[in-house]
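Engineer: I'd like to ask you about the structure that follows.
The values are calculated or read from the model by the stated rules, or taken from the named source; none is laboratory data. Predicted model, so just to flag it, every value in this text is computed and none were measured. Note that we place each Cβ from the backbone using ideal geometry, even for glycine, and neighbour counts take in every protein chain shown.
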C-alpha cells in the first residue's frame, strides 16, 4: 500500500511545476522514437509468428467436417484483435520498453543526474517521466494496430502456404461477422497498457537506491510488475467493456 | 545569505547531523571540512533540498526553504549551482549539450545566443 501511495504521489507531481511546452515536445519525440520506432522490429517478428501459429493450430484442431474452413480466418481475426495483438504485444513491450525505462532512470538516479536536475530547479519527475508516458500512449496503439494487421497476415501466409485453407476462404473468414467495436476495445486496451507499463517502469527506475546491482533489480521488478498490471487490467477491461 | 539553524538529520537511528547552525554570506568562500562520514555531503544536500532535515530551518535571503511550497523551492533552486561528487553529467548528451542544458531549460534565449554562450 505504501508503494502504491508513493506511485500515486509520483503521478501527481508530473503535472505540477512543469517546464515549458517546447521542452516536452522535443522530449516526447525522442521518447517516441525510443519506445515506438525502436520496438517495431520485435513487434513485427512476434505478431507475424503468433498469427501464423494461431492459424496452423486452429486448423489442426478443426477436425469436424461440419465446421467450414473459413472459421480459421474468423478465429485468427478475433483472437488477434481481442487478445493477442493488444495483450501479447504489450507484454513483449513491457519487457523491452519497461526494462529500458527503469534501467535508464535507475542509472540516472544512482549517478546523481536526477539530483542535478532537482538542484537546477527542474521538476525531474515531470521532465523525465511525463514524456515517456505520453510517448508510450501515442505509440503503443500504433504498434498494436500494426501487430493486428501482421498477425492476421501471418495467419494468412501460414494457412495458404501450407494448404490448410484457401486464400478465398481465409479472406471470407476474416470478414465474416466483423465487429468494429473489437478494434475500439483493442485500442482502449493498448492505451491503458501503455500508461501502466510506462508509469510503473518509471516508478521503479525513479526510486532506485544503491548501485549497479539495484538498477538491474529495478529493471526486473519493472518488467514483472508491468506484466502483472497488464494482465490484471486485461481481465478488468474485458469484464467492463465486453 | 544562506542561513541554517539547528539542523539535525539521522538515517536509521544513526545521527549524522546534530544541531548544526551557520551562515554563508554572499561573496565569501566557505569551507566545510570533516573526516569521511561526518555528514558534509548530507549537510550540502539538506541545504539544496535533496534531503529533508529532521529538524531545523534553512533560509535563502530570508526565504524559508525548509517549509517552502514546491513553487518557491523551484524558484530558489534556480539560483543554486552545485557540482556533484560524481560530476552528474548527462552521459547520453555531448559536452556541449551538457553545458547548454541549463540555457535550454531555464532561459528563453534564442538558438544563436545559446550557441554563443555555450561556446
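Engineer: Is it the case, given these coordinates, that residue A:96 is in contact (Cβ under 8 Å) with a residue 40 or more places away in the chain and out of contact with any strand residue (DSSP E or B) (no Cβ under 8 Å at 6 or more places or on another chain)? Break it down stepwise before answering.
Structural biologist: Working: in contact (Cβ under 8 Å) with a residue 40 or more places away in the chain: yes; out of contact with any strand residue (DSSP E or B) (no Cβ under 8 Å at 6 or more places or on another chain): yes.
Taking the combined requirement at face value, the residue satisfies it.
Engineer: Right, another one. Kindly evaluate residue B:104 against the criterion of being over 24 Å from residue B:47 (Cα atoms), at the interface with another protein chain (Cβ under 8 Å from one of its Cβ atoms) and in a helix (DSSP H, G or I).
Structural biologist: Spelling it out, residue B:104 is indeed over 24 Å from residue B:47 (Cα atoms), at the interface with another protein chain (Cβ under 8 Å from one of its Cβ atoms) and in a helix (DSSP H, G or I).
Engineer: For region A:67-88, state whether one or more residues are within 11 Å of chain B (Cβ to nearest Cβ), out of contact with any helix residue (DSSP H, G or I) (no Cβ under 7 Å at 6 or more places or on another chain) and over 23 Å from residue A:227 (Cβ atoms). Quick ask: steps written out before the conclusion?
Structural biologist: Step one: list which residues in region A:67-88 are within 11 Å of chain B (Cβ to nearest Cβ), which gives none.
Within region A:67-88, not a single residue is within 11 Å of chain B (Cβ to nearest Cβ), out of contact with any helix residue (DSSP H, G or I) (no Cβ under 7 Å at 6 or more places or on another chain) and over 23 Å from residue A:227 (Cβ atoms).
Engineer: If residue A:111 passes every condition in (1) surrounded by 24 or more Cβ atoms within 10 Å (Cβ to Cβ); (2) within 12 Å of chain B (Cβ to nearest Cβ) but one, which one does it miss?
Structural biologist: Of the numbered conditions (1) surrounded by 24 or more Cβ atoms within 10 Å (Cβ to Cβ); (2) within 12 Å of chain B (Cβ to nearest Cβ), the odd one out for residue A:111 is (1).
Engineer: Ok, one more. Look through B:25, B:51 and report the one residue that is in the same structural domain as residue B:69 (by TED's automatic domain parsing) and within 13 Å of the chain's Cα centre (by Cα).
Structural biologist: Answer to the check: B:51.
Engineer: Looking only at region B:43-61, decide whether some residue is in a helix (DSSP H, G or I), more than 12 Å from chain A (Cβ to nearest Cβ) and either without any contact (Cβ under 8 Å) to a residue 24 or more places away in the chain or within 30 Å of residue A:26 (Cβ to Cβ) (or both).
Structural biologist: no
Engineer: Name every residue in region A:14-27 that is surrounded by fewer than 16 Cβ atoms within 10 Å (Cβ to Cβ) and either touching a residue at least 24 places away in the same chain (Cβ under 8 Å) or assigned to a loop (DSSP other than H, G, I, E, B) (or both), in order of residue number.
Structural biologist: Looking only at region A:14-27, we keep the residues that are surrounded by fewer than 16 Cβ atoms within 10 Å (Cβ to Cβ), and these are A:15-16, A:18, A:20-22, A:25-26.
Listed by number, the residues that qualify are A:15, A:16, A:18, A:20.
Engineer: OK, next. How many residues does region B:71-88 hold that are exposed (fewer than 14 other Cβ atoms within 10 Å of the Cβ), more than 8 Å from chain A (Cβ to nearest Cβ) and assigned to a helix (DSSP H, G or I)?
Structural biologist: Within region B:71-88, residues that are exposed (fewer than 14 other Cβ atoms within 10 Å of the Cβ), more than 8 Å from chain A (Cβ to nearest Cβ) and assigned to a helix (DSSP H, G or I) number 0.
Engineer: May I pose another question? Exactly one condition in (1) in a helix (DSSP H, G or I); (2) surrounded by fewer than 23 Cβ atoms within 10 Å (Cβ to Cβ) is false for residue A:77; which is it?
Structural biologist: Only one criterion is unmet by residue A:77, namely (2).
Engineer: Kindly indicate the residue of region A:109-123 that is part of a helix (DSSP H, G or I) and touching a residue at least 60 places away in the same chain (Cβ under 8 Å) and also farthest from residue B:79 (Cα to Cα) among those meeting that condition.
Structural biologist: Looking at residues that are part of a helix (DSSP H, G or I) and touching a residue at least 60 places away in the same chain (Cβ under 8 Å), I get A:110.
Engineer: Going by the conditions given, is residue A:101 touching a residue at least 12 places away in the same chain (Cβ under 8 Å), part of a loop (DSSP other than H, G, I, E, B) and crowded, with 23+ Cβ neighbours inside 10 Å? If you could, list the steps in order and put the result at the bottom.
Structural biologist: On the way: touching a residue at least 12 places away in the same chain (Cβ under 8 Å): yes; part of a loop (DSSP other than H, G, I, E, B): no; crowded, with 23+ Cβ neighbours inside 10 Å: yes.
Here the answer is no, as residue A:101 does not meet what is asked.
Engineer: Picking from A:3, A:39, which residue would you name as being more than 24 Å from residue B:108 (Cβ to Cβ) and modelled with pLDDT under 90?
Structural biologist: A:3
Engineer: Within region A:153-162, is even one residue free of Cβ contacts under 8 Å to residues at least 40 places away in the same chain and surrounded by fewer than 21 Cβ atoms within 10 Å (Cβ to Cβ)?
Structural biologist: Narrowing region A:153-162 to residues free of Cβ contacts under 8 Å to residues at least 40 places away in the same chain: A:160-161.
Retained after the next criterion (residues that are surrounded by fewer than 21 Cβ atoms within 10 Å (Cβ to Cβ)): A:160-161.
So far as region A:153-162 goes, yes, one or more of its residues are free of Cβ contacts under 8 Å to residues at least 40 places away in the same chain and surrounded by fewer than 21 Cβ atoms within 10 Å (Cβ to Cβ).
Engineer: Which of the following residues is within 13 Å of chain A (Cβ to nearest Cβ), free of Cβ contacts under 8 Å to residues at least 12 places away in the same chain and either under 18 Å from residue A:118 (Cβ atoms) or not in a strand (DSSP E or B) (or both): B:112, B:91?
Structural biologist: Result: B:91 is the single residue among B:112, B:91 that is within 13 Å of chain A (Cβ to nearest Cβ), free of Cβ contacts under 8 Å to residues at least 12 places away in the same chain and either under 18 Å from residue A:118 (Cβ atoms) or not in a strand (DSSP E or B) (or both).
Engineer: Something else now. Just wondering, is there one or more residues in region A:211-233 that are at pLDDT below 95, within 14 Å of chain B (Cβ to nearest Cβ) and not in a helix (DSSP H, G or I)?
Structural biologist: yes
Engineer: Follow-up. Which residues, taken from region A:39-59, are without any contact (Cβ under 8 Å) to a residue 40 or more places away in the chain and surrounded by fewer than 16 Cβ atoms within 10 Å (Cβ to Cβ)?
Structural biologist: A:41, A:45, A:57
This table checks each residue for (1) modelled with pLDDT under 85; (2) out of contact with any helix residue (DSSP H, G or I) (no Cβ under 8 Å at 6 or more places or on another chain).
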position	(1), (2)
B:63	no, no
B:74	yes, yes
B:78	yes, no
B:84	yes, no
B:88	yes, no
B:96	yes, no
B:100	yes, no
B:104	yes, no
